[in-house]
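Data block below; observations after.
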Amino acid sequence: MKLIYETSTKDHKALKLPKCNISYELDSKYLRNEKLELPELSEVEIVRHYTALSKETYSVDDGFYPLGSCTMKYNPKLNEEVASFEGFSDIHPLQDTKTVQGALKVLDLTKKYICTITGMDDASFQPAAGAHGEFTSLMLIKKYHDERKDYKRKKIIIPDSAHGTNPASAAMCGFDVLTIKSDNGIVSKEELKKVLSDEIAGIMLTNPNTLGLYEKDILEITKLVHDAGGLAYYDGANLNAIMGISRPGEMGFDCLHLNLHKTFSTPHGGGGPGSGAICCKSKLSKYLPKPVVLKKDDKYYFEENKESIGKVKDFYGNFGIVVRALTYMLSLGNDGIKKTSENAVLNANYIMNNIKDLYDVAIDEVCMHEFVLDLTRFKKETGFSALDVSKRLIDYGIHPPTMYFPLIVHEALMIEPTETESKNTLDEVIGILRKVHEEAYSNSVDLHKAPMTTKYGRMDEITAARNPILKYGDK
Ligand SMILES: *Cc1c(COP(=O)(O)O)cnc(C)c1O
């Protein structure tokens, strides 16, 4: 496909602006030397360009997108409409707070709601993504120990089933990572006890974990960490299974991040914008990124909290994402939020139970919002891998699941249908998964060649990773 610059033709225009009769003298040092190079296109050329571009990709609006751990749920269009209200989209972060009371109320109200859902006391919307929220939460933990002059706490415990961003965030924050082995997919208390000491800053956990399993010993786990003087951080990217049912605050966690761009329906993929909102218990509240929104005499204002870890992003985070999350929560209500999680769990179990006679499930138990298949036996018997199955699913018009993650399962396929899929879609998907299984075992289709119906077939992923061409004109 051509780039928009290559489609450009001199003097093609989409807009006719009235003649401008205002002149303004700028100091010559601010003026550019060459003319600004912008593509010139007519309206229909622009529309065709972006329509073509949108057809090159696949989204939740196209079809089933079971990318495990990513919670690719449908994003209601109502959220977009509300986020585009002038009072939200046409304001400036440096505007006098008197003129943006409504926007500050959105921040305050969303904070109250996510604190209620998570069982926490305070929150911040500054972090721009999940990993950024992990990093910010760890900064709170670090500050907490430093303020108590407990400087030797330099280690963070992370189970081997964790999302890759967890150890990366801990390392970015200057901690040493202690990995503990899980036992049948969940945290082993015995392994945990072995690494506890007065050098532990805390633990990072996601519950349900990346295998889609609920940590049944969670209360004992957080107690063990607390007794050793550490804090417990909850990776809340997977909150979709437990909203309105179980609260991290009551599981014993001290702080967490949420991916508003997963559980709370704001769009994601393609690089953002996102929101890795963080929540914490009151003992960490004073360290939250600054400024915080407070209310006095019925007026909202920003406060530069003195003991803050500082800023982690410009202004107050990706505000439009917060508006979408609040719209989502208000339109669902208490019961709707609980129902969302119930249906997310039901949908995952429905698919799992209708394919597990053919495919091996990594841990064959009731799952939460997602489950992991282990295609080791499948590969041995057919010669086709989890990658081949994923690519074949593209031919049937569905997005591949997450592959080769979590790392503790070989030939892993991680399926997360979310609550937004109907029973019709789930039945169709089950049919497709069963069909692909039949194709592989009968060898009637060479899955190594899939996808066969798309514009592009197998990509050279190794060259793409080793020698990426990131800029137009590079070879
Ligand atoms: C998605 C995810 C993250 C990271 O979120 P980003 O917004 O991609 O940075 C962290 N942990 C888990 C379990 C996740 O699923």
Here are some residues: Tyr65, Tyr74. Which one is under 30 Å from Leu211 (Cβ atoms), buried (at least 18 other Cβ atoms within 10 Å of the Cβ), out of contact with any helix residue (DSSP H, G or I) (no Cβ under 8 Å at 6 or more places or on another chain) and of a type in the set (Ser, Thr, Tyr)? Tyr65
Against the definition (surrounded by 10 or more Cβ atoms within 10 Å (Cβ to Cβ), free of Cβ contacts under 8 Å to residues at least 12 places away in the same chain and either within 30 Å of Asn347 (Cβ to Cβ) or in contact with a Pro (Cβ under 6 Å, 6 or more places away or on another chain) (or both)), how does Ser54 come out, yes or no? yes
Kindly indicate which of Ala162, Ala170 is among the aliphatic types (A, V, I, L, M), closer than 30 Å to His410 by Cβ and in a helix (DSSP H, G or I). Ala170
Within the range 363-380, the count of residues that are over 23 Å from the mean Cα position of the chain (by Cα), assigned to a loop (DSSP other than H, G, I, E, B) and crowded, with 23+ Cβ neighbours inside 10 Å comes to 1
Might you let me know whether the range 342-350 holds any residue that is buried (at least 17 other Cβ atoms within 10 Å of the Cβ) and not in a helix (DSSP H, G or I)? no
Tyr287 buried (at least 16 other Cβ atoms within 10 Å of the Cβ), aromatic (Phe, Trp, Tyr) and under 23 Å from Pro167 (Cα atoms): yes
Tally of residues being touching a residue at least 40 places away in the same chain (Cβ under 8 Å) and touching a strand residue (DSSP E or B) at 6+ places or on another chain (Cβ under 6 Å) across the range 146-184: 11
Restrict the check to the range 50-61 and report whether at least one residue is of a type in the set (A, V, I, L, M, F, W, C), assigned to a loop (DSSP other than H, G, I, E, B), at pLDDT below 95 and within 16 Å of the ligand (Cβ to nearest atom). yes
Matching residues in the range 121-156 (within 16 Å of the ligand (Cβ to nearest atom), in a loop (DSSP other than H, G, I, E, B) and not aromatic (Phe, Trp, Tyr)) number 4
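How many residues does the range 157-188 hold that are among the hydroxyl-bearing types (Ser, Thr, Tyr) and within 13 Å of the ligand (Cβ to nearest atom)?
Number of matching residues: 3.
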If I filter the range 372-379 for residues that are charged (D, E, K, R) and out of contact with any Asp or Glu (no Cβ under 8 Å at 6 or more places or on another chain), do I get at least one hit? no
Quick one: how many residues across the range 389-400 are of a type in the set (D, E, K, R) and surrounded by fewer than 22 Cβ atoms within 10 Å (Cβ to Cβ)? 1
Of residues in the range 441-475 being in contact (Cβ under 8 Å) with a residue 12 or more places away in the chain and over 22 Å from Gly63 (Cβ atoms), the one surrounded by the fewest Cβ atoms within 10 Å (Cβ to Cβ): Tyr472
Among the numbered criteria (1) under 20 Å from His257 (Cβ atoms); (2) away from the ligand (no atom under 16 Å from the Cβ), which single criterion is violated by Thr118? (2)
Residues that are touching a helix residue (DSSP H, G or I) at 6+ places or on another chain (Cβ under 6 Å) and among the aliphatic types (A, V, I, L, M), drawn from the range 199-216: Ala201, Ile203, Met204
Please go through the range 419-449 and give me each residue that is within 30 Å of Asn238 (Cβ to Cβ) and basic (Lys, Arg), ordered by number. Lys423, Arg434, Lys435
Does His257 meet the test of being crowded, with 17+ Cβ neighbours inside 10 Å and closer than 28 Å to Ser422 by Cα? no
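Considering the range 79-95 alone, what residues qualify as being not in a helix (DSSP H, G or I) and not aliphatic (A, V, I, L, M)?
Those that are not in a helix (DSSP H, G or I) and not aliphatic (A, V, I, L, M): Ser84, Phe85, Asp90, His92, Pro93, Gln95.
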List pairs: first residue in the range 126-138 and in contact (Cβ under 8 Å) with a residue 24 or more places away in the chain, second residue among the hydrophobic types (A, V, I, L, M, F, W, C) and within 9 Å of the ligand (Cβ to nearest atom) anywhere in the structure, Cβ distance under 7 angstrom, at least six positions apart or on different chains. Gly130/Ala237
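The values are calculated or read from the model by the stated rules, or taken from the named source; none is laboratory data. Everything quoted here is computed from the prediction, not taken from an experiment. Cβ: placed from backbone, ideal geometry, glycine included. Neighbour counts: every protein chain shown.
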